[in-house]
Amino acid sequence: MAAAGRALRLLPLLAAAAVVLEPAAAVWPQPQVEGYPPGRGRCSLPPRRFRFAYAAGSAVGPGCAVLEAAFQRYWALLFAAARPTENEPPWGMPCTQLLVFVATPGCDGFPSLDSKESYKLSVLEGSLLLSADAVWGALRGLETFSQLVGRDENGTYYINKTEIVDFPRFPHRGLLLDTSRHYLPLRAILETLDVMAYNKFNVFHWHIVDDPSFPYESLTFPELSKQGAFNAMTHVYTASDVQTVIEYARLRGIRVIAEFDTPGHTLSWGPGAPGLLTPCYLGKDPSGTYGPINPILNSTYQFVTSLFQEVSAVFPDFFLHLGGDEVDFTCWKSNPKIRVFMKEMGFGEDYKKLESFYIQRLLDIVSSLGKGYIVWQEVFDNGVKVRPDTIIHVWKENSIPYMEEMANVTKAGYRALLSAPWYLNRISYGQDWMAAYQVEPLKFEGSPEQKDRVIGGEACMWGEYVDVTNLAPRLWPRAGAVAERLWSNATVRDLQDAYVRLADFRCKLLGRGVQAQPLYIGYCENEFGGF
Amino acid sequence: MGRAMGLAGLLLGLFLVPAVLVSTSLRHGAPRSESESAPAPGPAEWEPASGAVPEDSLWPLPQWLRTSRRQLQLAPGRFQLVHGAGSSAGPACGLLQDAFRRYYEYMFGQSRRRKRGRRPVGARAEPELSQLQVVIESRDPGCQSYPHLASSEAYHLTVTEPVAILKADEVWGALRGLETFSQLVHEDDYGSFLVNETEIDDFPRFAHRGILLDTSRHYLPLKSILTNLDAMAFNKFNVLHWHIVDDQSFPYQSIYFPELSDKGAYSYNHIYTPTDVHLVIEYARLRGIRVVPEFDTPGHTQSWGKGQKDLLTPCYNGEQPSGSFGPVNPILNTTYDFMTKFFKEISSVFPDAYIHLGGDEVNFDCWKSNPEVKEFMKQQGFGIDYAKLESYYIQKILDIVSSYNKGYIVWQEVFDNKAQLKPDTVVQVWMENNYAHELSSVTGAGFTAILAAPWYLDYISYGQDWKKYYSIEPLDFPGSEKQKKLLIGGEACLWGEFVDATNLTPRLWPRASAVGERLWSSRNVTNLQDAYKRLTNHRCRMLRRGVAAEPVFVGYCPHEARGQ
């Protein structure tokens, strides 16, 4: 009988690994180079005496906000469970400090696409040294360090001798959250940023508004959220919320790229911005419904200019995400004024030209504000003329194979971001992290120059079926698969090895209070919700 | 239903609404259409989920319901749930006292903490509803007893000025009625609590409405189980099928055989002590929920082997034992000695009249490899039909359990493999392939059946799969009226391969609610649009009550979950 057995023994090869694992050894995502110095051994870490400190000659030192905050965070992550009276370790040479050396100054800036995240961590006899080019690399190294620390049966903290040289494979490793289809409380966003840092993600793509709701409280156009949020008092992000997110992210080496998607996906903008959206027609009369942004009015561009002026100032990252996906032409086609405009412009019946006309002007506006931009692939597909430094975000899984799209985009000289195989909102039964893990972003026909134009990718968690009730377990550890693909070496793709490390990492996440769901059968020493 | 239609014209100022027609009679505005394939759904789909009309949030929908536009106001400071005149239950009925307090909290708990903006009662035109009087009509209210398969869950609720009256034969019906009453009470924009004048006559369509939780593949902390029992009560489920042990771990701490969990649990922490088990049983009882434990044998028992020597069959590799073990060894007397003692304990620890004995997915490879088992087969004249050996074992287990005056539920294989079953055996149908045919065979043979096959909620998929579960009609199988009566209900199963405390609640709720309504409400309650609206509101109410039920689709709740 073809009935699916209820025990459904998936992947028996992994069954043996479905048990708790000796902690400490595994790091997620896997570092690029890991060497074991001769004369293996471990050094113990006495919680009461252990300190992070700056190495001699470091370009940054006491007072470096990013690192001071990180030291505090990681000390707590490592030793929060230690009792204050913890005895001194009974064996070996204790390591009492991790010395941090940063070559270039800069503690107050924001991370960027060009930030250096490489680091070197050496754990030798009695000495721990973390060195990095920039503070952003030091943050990554601290995370690795924290994952290497284990605890033996007597409760003694220890770290095995090791030497790690590590750097990201791709500079843009993002996670998209959608706060329009469901509102996510600030706390959920901040917790996600924490877990992103544990996974070495470095871009929070904030799909902040869309058709269903407009939770962003604009200073220039307060009516947008007043009329467009699910609830103008409770389901909004105030200016201070946004600042909190940006700063919280910065302290973790994470960029915040805001997406204000136009001209489609803007229904929620309409109530607070009269005249912005295209009135749709039923025959000769307005139907009372609205379509995409109205691209034929000067007032539209005045509005867009003012809004993006604000957004450019609020979000410090060089890049804005301008959307540009899924523009439905039906409403434009129904509107007589638009049809007249099409004729005047000589667009014929090709509404893609109208879309391009709008996008073009939008890009000019945003360029003039000194920002770079990322757009969804349709903007490229529709032949909109964009600046050569535009980043094209590939998301369509089926229209043409996404790898072909990656080849096309990079061949045309644009930089590309991959998301198509990483729509984590699309759930299915079983260990679907494996499919996400097995994606190889550079597996397309193209020159080395083309491959260089792939700057990374993003895991996307669209919000149709996701809110704070299920966000964390749906995201973690599945997004971890994407994180390793984007950070670790292309050769790191062994599923069994990944399973063991990811299962272990997931238990670490539980220990850190993250509601990460299980990969498969088994248990963790710390269960969510206790016993 | 006919009753409602006939009365319609007679009642001045009252809507008379057979439950199935609620959607057409009371809709304010067009029903929300909803589609999951469209990339840019229309705006009507994400209307706020704040039901202004109380029937918009009833879940599962009562069998018969009449409601009026006339509203009554409830003052949290004065409103009381009390025992009504003539009730056989009184203040000594702890079960109802607890339920009164619980439902008072569900109705008013949130708002007592934010009194700001509250207008004094009297500033409104609405008359006040001062009490809900609960009347238990049978001589013995059953406050100390356990719910069972034949318990009456029917109730009659009348909400009129100045007091509402809830009548039920037994406390179990009163619990269901309290849930319904609490769903009728809603808060308006000014923070006033209102209820529409209403009359409801309600009873379950099926007697067995279960949720299966699997605590072996992943351990579930007690708190998760208790929260789930809360949610079950909100959805009028009445059976917790506790699949407590399986191959992967043995978290049940046995009194007679402590080694089973000492060796077979994931760790010293991953166990259910006798106190834990009693707590679950009592917590469930107070909510009118039966706890049916499953101790699945002879397969699915790897974890038993660690703490009980010689219980499992040693598998062979040629002439030599391979070191691995198969199902319970059915040829040894010691096996049955063990089972006799073990099930004696289980029979006394779990008060329900039924024990689930499993019996599914027995793999014969190991038995086939074992020379002693082969020898036994020959002696017994079983030939090479290992299903006969399985039946031999099951038979003996059934006899043991019968001797403790317990009934039993088994998975369908036991029936399929033609084990001799007592006529009152309940057969649980779980194989998805052609389950209607299986229901037909099981009931055709005169056995009672429970349906689980289409409701394996651990099989997740993208989108609104609750519709699939909702659209199942359990009686849609070939058979006589008599056969249909033998289908006593169903269960939503959340197997634990990919589920633990981190994702249990959002994965189960509100998807299991779809099954809850299918098993409680009238057969003709099938309108998906109407269900969508009520389910969305019901989900928001679960959030408000502290159950992190996931969203049905795009939208929001006035009170969002706070996260974990």
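The values are calculated or read from the model by the stated rules, or taken from the named source; none is laboratory data. It should be emphasised that the depicted structure is a prediction, and the values quoted were computed from it without experimental measurement. With ideal geometry, Cβ positions are generated from the backbone for all residues, glycine too; neighbour counts draw on all protein chains shown.
Among the criteria (1) assigned to a helix (DSSP H, G or I); (2) within 14 Å of another protein chain (Cβ to nearest Cβ); (3) of a type in the set (Gly, Ala, Ser), the one B:Ala549 does not fulfil is (1).
All of B:Gln395, B:Gln428 fail the test of being under 24 Å from B:Pro351 (Cα atoms) and within 14 Å of chain A (Cβ to nearest Cβ), apart from B:Gln428.
Exactly one residue out of A:Thr156, A:Thr192 is surrounded by 21 or more Cβ atoms within 10 Å (Cβ to Cβ), under 30 Å from A:Glu525 (Cβ atoms), within 14 Å of another protein chain (Cβ to nearest Cβ) and not hydrophobic (A, V, I, L, M, F, W, C), and it is A:Thr192.
Checking each residue in the range A:216-236 for being in contact with a strand residue (DSSP E or B) (Cβ under 8 Å, 6 or more places away or on another chain) and under 18 Å from A:Gln309 (Cα atoms) picks out A:Tyr216, A:Glu217, A:Leu224, A:Ser225. Checking each residue in the range B:458-485 for being hydrophobic (A, V, I, L, M, F, W, C) and either under 23 Å from A:Leu424 (Cβ atoms) or surrounded by fewer than 20 Cβ atoms within 10 Å (Cβ to Cβ) (or both) picks out B:Ile460, B:Trp466, B:Ile472, B:Leu475.
Quick check on my filter: what residues within the range A:224-269 are part of a loop (DSSP other than H, G, I, E, B), of a type in the set (D, E, K, R) and either within 14 Å of another protein chain (Cβ to nearest Cβ) or surrounded by fewer than 20 Cβ atoms within 10 Å (Cβ to Cβ) (or both)?
Step one: list which residues in the range A:224-269 are part of a loop (DSSP other than H, G, I, E, B), which gives A:229-236, A:238, A:251-254, A:260-266.
Subsequent filtering for residues that are of a type in the set (D, E, K, R) retains A:252, A:261.
Residue satisfying the conditions is A:Asp261 alone.
Among residues of the range A:153-184 being within 20 Å of A:Ala80 (Cα to Cα) and out of contact with any Lys or Arg (no Cβ under 9 Å at 6 or more places or on another chain), the one that is modelled with the highest pLDDT is A:Thr156.
How many residues are touching a Gly at 6+ places or on another chain (Cβ under 7 Å) and away from chain A (no Cβ under 14 Å) when one looks only at the range B:524-546?
So the count comes out to 1.
Taking into account only those residues within the range A:511-524 that are in a loop (DSSP other than H, G, I, E, B) and more than 7 Å from every other protein chain (Cβ to nearest Cβ), which is surrounded by the most Cβ atoms within 10 Å (Cβ to Cβ)?
Step by step, filter the range A:511-524, then rank; the result is A:Leu519.
Specify which of the listed residues (A:Lys508, A:Lys451) is charged (D, E, K, R), closer than 28 Å to B:Thr227 by Cβ and either part of a helix (DSSP H, G or I) or away from every other protein chain (no Cβ under 14 Å) (or both).
On the way: A:Lys451 fails: closer than 28 Å to B:Thr227 by Cβ.
Residue meeting the stated conditions: A:Lys508.
Each residue in the range B:464-503 was checked for being in contact with a Ser or Thr (Cβ under 6 Å, 6 or more places away or on another chain) and either among the polar types (S, T, N, Q) or under 30 Å from B:Ser152 (Cα atoms) (or both), and 6 of them qualify. Answer with yes or no whether A:Pro295 is in contact (Cβ under 8 Å) with a residue 60 or more places away in the chain and within 18 Å of A:Val209 (Cα to Cα). Considered against the rule, which asks whether it is in contact (Cβ under 8 Å) with a residue 60 or more places away in the chain and within 18 Å of A:Val209 (Cα to Cα), A:Pro295 comes out as no.
Which members of the range B:267-297 meet the condition of being part of a loop (DSSP other than H, G, I, E, B) and either farther than 15 Å from B:Ser216 by Cα or touching an Asp or Glu at 6+ places or on another chain (Cβ under 9 Å) (or both)?
First pass over the range B:267-297, keeping only residues part of a loop (DSSP other than H, G, I, E, B): B:267-271, B:273, B:286-289, B:295-297.
Across the range B:267-297, the qualifying residues are B:Ser267, B:Tyr268, B:Asn269, B:His270, B:Ile271, B:Leu286, B:Arg287, B:Gly288, B:Ile289, B:Asp296.
Looking across the range B:499-523 at every residue that is assigned to a loop (DSSP other than H, G, I, E, B) and buried (at least 23 other Cβ atoms within 10 Å of the Cβ), the one that is farthest from the other protein chains (Cβ to nearest Cβ) is identified as B:Ser521. Of everything in the range A:314-335 that's in a loop (DSSP other than H, G, I, E, B) and of a type in the set (D, E, K, R), which residue is farthest from the other protein chains (Cβ to nearest Cβ)? Filtering first and then ranking leaves A:Asp317. Where helices (runs of 4 or more DSSP H) sit wholly within the range B:334-405, those with at least 1 residues that are within 26 Å of B:Thr275 (Cα to Cα) occupy B:386-403. Cβ-Cβ contacts under 7 Å between residues 6 or more apart (or on different chains), taken from a first residue in the range A:467-488 that is touching a residue at least 60 places away in the same chain (Cβ under 8 Å) and at the interface with another protein chain (Cβ under 9 Å from one of its Cβ atoms) to a second residue that is assigned to a helix (DSSP H, G or I) and of a type in the set (Gly, Ala, Ser), are listed as A:Val468/A:Ala188; A:Leu471/A:Ala188. For the range B:483-493, the criterion of being facing chain A (nearest Cβ under 9 Å) and either modelled with pLDDT of 95 or more or part of a loop (DSSP other than H, G, I, E, B) (or both) is met by at least one residue. Every condition in (1) β-branched (Val, Ile, Thr); (2) closer than 22 Å to A:His172 by Cβ; (3) in contact (Cβ under 8 Å) with a residue 24 or more places away in the chain holds for A:Thr491 except the one numbered (3). Mind checking whether some residue in the range B:204-220 is at pLDDT 95 or above, assigned to a helix (DSSP H, G or I), of a type in the set (A, V, I, L, M, F, W, C) and crowded, with 23+ Cβ neighbours inside 10 Å? So far as the range B:204-220 goes, no, none of its residues is at pLDDT 95 or above, assigned to a helix (DSSP H, G or I), of a type in the set (A, V, I, L, M, F, W, C) and crowded, with 23+ Cβ neighbours inside 10 Å. In the range A:513-531, which residue that is in contact with a helix residue (DSSP H, G or I) (Cβ under 6 Å, 6 or more places away or on another chain) and not β-branched (Val, Ile, Thr) is farthest from B:Ala501 (Cα to Cα)? Here the residue is A:Leu519.
Matching residues to (1) of a type in the set (Asp, Glu); (2) closer than 30 Å to A:Asp504 by Cα; (3) without any contact (Cβ under 8 Å) to a residue 60 or more places away in the chain:
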residue: A:Lys200; (1), (2), (3): no, yes, no
residue: A:Ile208; (1), (2), (3): no, no, yes
residue: A:Asp211; (1), (2), (3): yes, no, yes
residue: A:Glu217; (1), (2), (3): yes, no, yes
residue: A:Glu259; (1), (2), (3): yes, no, no
residue: A:Ser268; (1), (2), (3): no, no, no
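Number of residues in the range B:170-203 that are without any contact (Cβ under 8 Å) to a residue 40 or more places away in the chain and surrounded by 21 or more Cβ atoms within 10 Å (Cβ to Cβ): the value is 2. Only residues that are free of Cβ contacts under 8 Å to residues at least 24 places away in the same chain and within 30 Å of B:Gly94 (Cα to Cα) were counted across the range B:279-335, and they come to 1.
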